[in-house]
Each structure stands twice: as structure tokens, then as C-alpha cells.
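Q: Structure incoming, see below.
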Amino acid sequence: MKPVLVIGANGQLGSDLCREFRFEESRLVQMTRADLELRDHDQVARVLETVRPQVIINTAAFHRVEACEADVEQAFAVNCIAVRNLALEANRVGSYLVHISTDYVFDGESATAYDEEAAPNPVNVYGSSKAAGEFFVRNLSRRHLIVRSSGLFGVAGSSGKGGNFVQTMLRLGRQNGVVSVVSDQVLSPTYTLDLAQMIWRLVAAEQHGVVHVTNRGSCSWYEFALSIFDLSGLRVEVRPITTASMGTSVRRPPYSVLTNRRLATGGLGSMRPWPEALDSYLQACGAKVAAGPTPEHVGVKGAEN
Ligand SMILES: NC(=O)c1ccc[n+]([C@@H]2O[C@H](COP(=O)([O-])OP(=O)(O)OC[C@H]3O[C@@H](n4cnc5c(N)ncnc54)[C@H](OP(=O)(O)O)[C@@H]3O)[C@@H](O)[C@H]2O)c1
């Protein structure tokens, strides 16, 4: 049985990858940070030597955008140096390395969606560290696939962020009855279940290079929040605000929509529209409830990457 290793197996994407694993004649090896600390180079070498995975999927990242800005060393240790080491160790045991990356490698200044050929130009520490990690995978790994996605939501929630945007909106909406959300950052929200299924399809087709995988369509975080409450049946007032009004010094790409060009041209299938995916997600986590108006009207900030 050929071993397939998922790193970050208890994360939002990692847990859906494990749930959707369907390969015959292969066995899934799931590793959480407790099993494998990616920054520990010796441990990575030992684990790969023991498991000798045919495929490695690396979902691990330090991806809290504000925290990355405050701790540049950690951001680069996890998202870049550890990835460089993983690429070298993957070569040593002959593994095909699938590395997950982000829309935040782009500056978001484009008027049109970014395809796989667009040049990265990150505007913050998180994006820079992920772009640097990509660089090492591209240049060191003999067999690799980089999958960029955006605005993830999954049933497990984001372990690195203590919940995803949808969960945060539902919690704040229920608590306060009103939320304020940025309307000047546009993205393609993506359900990790759909992303996981597409990643396995790409692995089965032995794709290489960079592939963008997001649910179809785009919206601002404000529009995303409107849909969350609409589809979940919660009556919550959503107020649009600007990024500038949030008083953060961390730059974020204003328009980080990814076009799934390679999926289309390679005949690899397509992703469903994000509102459909959001509806399925809300059903899967039992968040479709009919709720009456809530009493308090307190402004809160909402958006995360
Ligand atoms: N979330 C988003 O909106 C988003 C958008 C675009 C791209 N991405 C990318 O998608 C990938 C998956 O994101 P996600 O939302 O599924 O993340 P997640 O839920 O936070 O999962 C990340 C996993 O990586 C593990 N991990 C973190 N640091 C590690 C380390 N040093 N060594 C070993 N394991 C470590 C975490 O373990 P612990 O729980 O123990 O920390 C967790 O299981 C990341 O590469 C991220 O950059 C995410």
C-alpha cells in the first residue's frame, strides 16, 4: 500500500482531505502538529525516512495575517524555511509534494482575476512568507504541485485562526444582531470540502506546477456576510465599512480573486459557485436556523483572510 501523507491533518482543509481520501492501493497517513512539527528539520527527515510517502500534502501554515506581521521570524520559519526543508526531504525519498498556498501572494491591485501565470507581489508578511515558500517548492522539489486557494471555510473551522469567517459571522450576528464588515476587499470564498475533492483529482492526474482552485465567482467580505445570514436564516444587520476605518496598519490585497484557468484548460473539471458551496457548508454544520431579530446593535469588525 502506497503511503499518502497529509500534514496538518486536523486543520480545516487537512480534515476534509482525510475525509475525502479515496485512493485504492494507498493508505492515508495523517499527521497533526503533535506527530510532526514542520519546523523541526530532523524530525521531518526521520518521519519521511520512516513513512516514505509517495505523496505529501502540506496544509500546515502560520496564517493569521496580523500575527504574521508581528512575528516575521515565525511566519518565515513555518511558511518558508520549513517548506524549503520539506521540499529537499521530499526529493530525498522520492515523494510528490503538494503544497497549499494563497491568494495573498498577489498585491490585489489588478482589475481582473489572477491566473496561474500572474507574478506574485505580496503586500504583507504572511503573503511574502507564503510566496517565499512557493519559490522553494518550485525551485527545489523535483515533483511538485502548488495549489493556491482563497477565503477558506470548512466544517473543522480554521485551527490556526480559532474559527473561520463564517463561524465568526454567525457568532457575532447571534450575539449582537449587527456586524460591520469590510466591503473593499474582494475574494473567492472556498469550501474546503470542494477544495479537498479537487486536490485529490489533481493528485490522481499527477498535475505539476501551480494550479488555482477556488469556488466560482467572487464577492467582498461584506457581500459574503450578507449571504451567510441570508442562507442561514438569521436576521442580522450587516454594515459595510472600509479597510481604512478598521485602523489596521497591515496591508491586504483589495482584489485577490483567482481565476481557475488551468482547471478549465486542462479539462480537470470546475468548482461550483461559492454561494452553492456556502449553502452546503451551512447545512453540513447545522447552521441553517430561523432566528428572530436580536436586541443589541453593537458594531464589530469582521474580516480575516
Ligand atoms: N484559511 C484561509 O482562509 C486560507 C486562504 C488561502 C490559503 N490558505 C492556506 O491553506 C492552508 C490550510 O489552511 P487551513 O485554513 O486549513 O488552516 P488550519 O485549519 O489552521 O490548519 C493548519 C494545520 O497546520 C498545522 N500546523 C500549523 N503550524 C504547524 C507546524 N509548525 N508544524 C506542523 N503543523 C502545523 C495546524 O496544527 P495546529 O492546529 O496544531 O496548530 C493545523 O492542523 C494553509 O497553507 C493556508 O496558508 C488558507
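Q: Can you report the number of residues in region 122-140 which are in contact with a Ser or Thr (Cβ under 6 Å, 6 or more places away or on another chain) and assigned to a helix (DSSP H, G or I)?
A: Residues in region 122-140 being in contact with a Ser or Thr (Cβ under 6 Å, 6 or more places away or on another chain) and assigned to a helix (DSSP H, G or I): 2 in total.
Q: To continue, here is another question. Pairs please, first residue from region 32-45 and without any contact (Cβ under 8 Å) to a residue 40 or more places away in the chain and of a type in the set (A, V, I, L, M), second anywhere and outside any helix (DSSP H, G or I) and more than 8 Å from the ligand (Cβ to nearest atom), Cβ atoms under 9 Å, 6+ apart in sequence or on different chains.
A: If the second residue must be outside any helix (DSSP H, G or I) and more than 8 Å from the ligand (Cβ to nearest atom), the pairs left are Leu36/Leu5.
Q: Given the conditions (1) within 20 Å of Ser218 (Cβ to Cβ); (2) near the ligand (Cβ under 9 Å from one of its atoms), and given that Lys161 satisfies all but one, which numbered condition is not satisfied?
A: Just one mismatch for Lys161, condition (1).
Q: If you don't mind, another one. Before we move on, is Leu48 within 14 Å of the ligand (Cβ to nearest atom) and either over 23 Å from Ser159 (Cβ atoms) or in contact (Cβ under 8 Å) with a residue 24 or more places away in the chain (or both)?
A: Yes.
Q: Run down Ile56, Ile81 and say which single residue is more than 16 Å from the chain's Cα centre (by Cα), of a type in the set (Val, Ile, Thr) and either surrounded by fewer than 20 Cβ atoms within 10 Å (Cβ to Cβ) or in a loop (DSSP other than H, G, I, E, B) (or both).
A: None of the other options fit; the residue is Ile81.
Q: Here's a follow-up. Residue check: is Ser110 within 18 Å of Ala9 (Cβ to Cβ) and more than 14 Å from the ligand (Cβ to nearest atom)?
A: no
Q: Would you say Ile100 is within 11 Å of the ligand (Cβ to nearest atom), touching a residue at least 40 places away in the same chain (Cβ under 8 Å), in a strand (DSSP E or B) and among the β-branched types (Val, Ile, Thr)?
A: So Ile100 passes the test.
Q: Residue by residue through region 223-259, note down the ones that are of a type in the set (Asp, Glu) and in contact (Cβ under 8 Å) with a residue 12 or more places away in the chain.
A: Hits for region 223-259 are Glu223, Glu237.
Q: Please determine, by comparing only the residues of region 84-96 that are in contact with a Lys or Arg (Cβ under 7 Å, 6 or more places away or on another chain) and under 15 Å from Phe136 (Cα atoms), which one is surrounded by the most Cβ atoms within 10 Å (Cβ to Cβ).
A: Residue satisfying both the conditions and the ranking: Tyr96.
Q: On to the next question. May I ask you to list pairs of residues, at least six apart or on different chains, whose Cβ atoms are under 8 Å apart, with the first in region 5-28 being modelled with pLDDT under 95 and more than 6 Å from the ligand (Cβ to nearest atom) and the second being part of a helix (DSSP H, G or I) and not small (Gly, Ala, Ser)?
A: So the pair list comes out as Arg22/Trp200; Phe23/Trp200.
Q: Kindly evaluate Ala132 against the criterion of being in contact (Cβ under 8 Å) with a residue 12 or more places away in the chain, within 12 Å of the ligand (Cβ to nearest atom) and of a type outside the set (Lys, Arg).
A: In short, no.
Q: Taking the conditions exactly as written (hydrophobic (A, V, I, L, M, F, W, C), closer than 30 Å to Gly286 by Cβ and more than 9 Å from the ligand (Cβ to nearest atom)), does Val166 satisfy them or not?
A: yes
Q: Inside region 2-50, can you point out the residues that are out of contact with any strand residue (DSSP E or B) (no Cβ under 7 Å at 6 or more places or on another chain), crowded, with 17+ Cβ neighbours inside 10 Å and hydrophobic (A, V, I, L, M, F, W, C)?
A: Across region 2-50, the qualifying residues are Val44, Val47, Leu48.
Q: Mind checking which pairs have a first residue in region 66-90 that is under 16 Å from Val250 (Cα atoms) and a second that is more than 11 Å from the ligand (Cβ to nearest atom) and part of a helix (DSSP H, G or I), Cβ under 6 Å, 6 or more apart or different chains?
A: Pairs that qualify, where the first residue is under 16 Å from Val250 (Cα atoms) and the partner is more than 11 Å from the ligand (Cβ to nearest atom) and part of a helix (DSSP H, G or I), are Cys68/Val125; Glu69/Val125; Val72/Val125; Ala75/Val125.
Q: Would you mind listing the helices (runs of 4 or more DSSP H) fully within region 160-265 where at least 2 residues are crowded, with 21+ Cβ neighbours inside 10 Å?
A: Answer list for region 160-265: 165-176, 192-204, 221-232.
The values are calculated or read from the model by the stated rules, or taken from the named source; none is laboratory data. Keep in mind that this is a model prediction, so the values were computed, not measured. In this analysis, Cβ positions are derived from the backbone assuming ideal geometry, glycine residues included, and neighbour counts consider all displayed protein chains.
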